[in-house]
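Asks: First the structure, which I've put down as structure tokens, then a few questions once you've had a look.
The values are calculated or read from the model by the stated rules, or taken from the named source; none is laboratory data. Treat the numbers as computed from the prediction; the structure is a model and nothing was measured. All Cβ positions, glycine included, derive from the backbone under ideal geometry; neighbour counts span all protein chains shown. These accessible areas exclude ligands, DNA and RNA; they are computed on the full protein's heavy atoms, side chains included. Shrake-Rupley method; radii C 1.70, N 1.55, O 1.52, S 1.80 Å.
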Amino acid sequence: EIHERLVGSEMCIRDRLDHSRAENMELFMDPLTNTYARRYFESYRSHLEGMEHVAIIDVDSFKQVNDVYGHQTGDTALRDIAAAIRSCIRSTDTLIRYGGDEFLLLFPKMNEHIFTRKQNEIREAVRRIVIPEHPELHLSVSIGGVSGVHPLAEAIRQADAKMYQNKAERKN
């Protein structure tokens with residue numbers, strides 16, 4: 001009977017720890033996009049070092065979406081874009097809302113060819129998004145990705161530069 005109470009009490013403590021951990025994880029989630037928030041990146045940055053592939057994803061003409069269609073439609077676009085990105089990645093990959101309309105995507109262990117293919121899949125998934133209230137709105141993203149660049153800060157810097165290069169190429 002004492003053993004049962006101890007085991008039961010241990011399970012209660014474990015349940016409470018799991019519950020408190022879940023509550024704490026909410027602090028690291030972006031409520032709009034259901035991705036990790038920048039706070040997660042800042043808090044766990046050292047654990048994210050060593051990611052093999054890093055991509056920066058920026059929503060094209062997002063300010064214009066907000067200005068023309070309103071912030072509610074902009075929020076819908078961000079939520080749908082995040083869902084489109086998640087549909088293209090593995091559970092082991094990390095998607096972070098890095099800025100207002102910018103996402104950081106971290107891939108551990110992946111073939112470089114597949115990494116390139118993933119970027120194209122993401123672009124296509126975003127292109128297919130239809131917002132029912134505004135079917136004339138066509139969303140797109142610019143992506144910059146790097147492989148094997150360390151430390152993480154340098155990988156992000158290079159991916160960001162490639163993203164802006166991709167954005168410029170697509171405008172021409």
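Asks: What FRET efficiency comes out for the pair LEU137/MET29, r = Cβ-Cβ distance, R0 = 25 Å, nearest 0.05?
Replies: On the way: r = 26 Å, r/R0 = 1.05.
Plugging the Cβ-Cβ distance into 1/(1 + (r/R0)^6) gives 0.45.
Asks: Please figure out what share of the DSSP beta bridges in the chain is antiparallel and state it in percent, rounded to the nearest 5.
Replies: Restricted to the chain, the bridges split so that about 90 percent are antiparallel.
Asks: Of all the accessible heavy-atom surface of region 80-172, with the other protein chains kept in place and a 1.4 Å probe, what percent is carbon and sulfur? Walk me through the numbers before you get to the answer.
Replies: Working: 2460 of 4810 Å².
Exposed carbon and sulfur together represent 51 percent of the surface.
Asks: Per residue, what volume in Å³ does the convex hull of the Cα atoms of region 84-172 enclose?
Replies: Values: hull volume 9.8 nm³, N = 89.
Dividing the Cα hull volume of region 84-172 by its residue count gives 110 Å³.
Asks: Now for a separate question. Which cross-chain or sequence-distant (5 or more) residues have an amide H under 5 Å from the amide H of VAL141, H modelled 1.01 Å from N in plane?
Replies: ASP60
Asks: For region 52-172, what is the accessible area per residue in Å², given a 1.4 Å probe and the full set of protein chains? If you can, show how the numbers build up before the last one.
Replies: Values: 6100 Å² over 121 residues.
Accessible area per residue: 50 Å².
Asks: How much of the calculated P(r) for the chain lies past 18 Å, in percent of all Cα pairs?
Replies: Working: 9530 of 14706 pairs.
When all Cα pairs of the chain are counted, 65 percent exceed 18 Å.
Asks: Assuming 0.36 nm per residue, please report the length gained on full extension of the stretch GLN64 to GLN165 beyond their Cα-Cα distance. Walk me through the numbers on the way to the answer.
Replies: Numbers: separation 101, 0.36 × 101 = 36.36 nm, distance 2.01 nm.
Contour length minus Cα-Cα distance gives 34.4 nm.
Asks: When we measure straight from the Cα of LYS109, which lysines land under 16 angstrom away, once same-chain ones fewer than 8 places off are left out?
Replies: Reachable lysines: LYS118.
Asks: Separate question: Which of the helices in the chain meet the span-like rule: DSSP H, Cα axial reach of 18 Å or more, Kyte-Doolittle mean at least -0.5?
Replies: Values: long enough: 2-26 (36 Å, -0.88); 71-88 (26 Å, -0.16); 112-127 (23 Å, -1.31); 152-171 (28 Å, -1.19).
Those that pass (Cα extent of 18 Å or more, hydropathy at least -0.5) are 71-88.
Asks: Return the whole-Å distance between the Cα centroid of region 94-172 and the Cα centroid of region 45-87.
Replies: Value for the Cα centre distance between the two parts: 9 Å.
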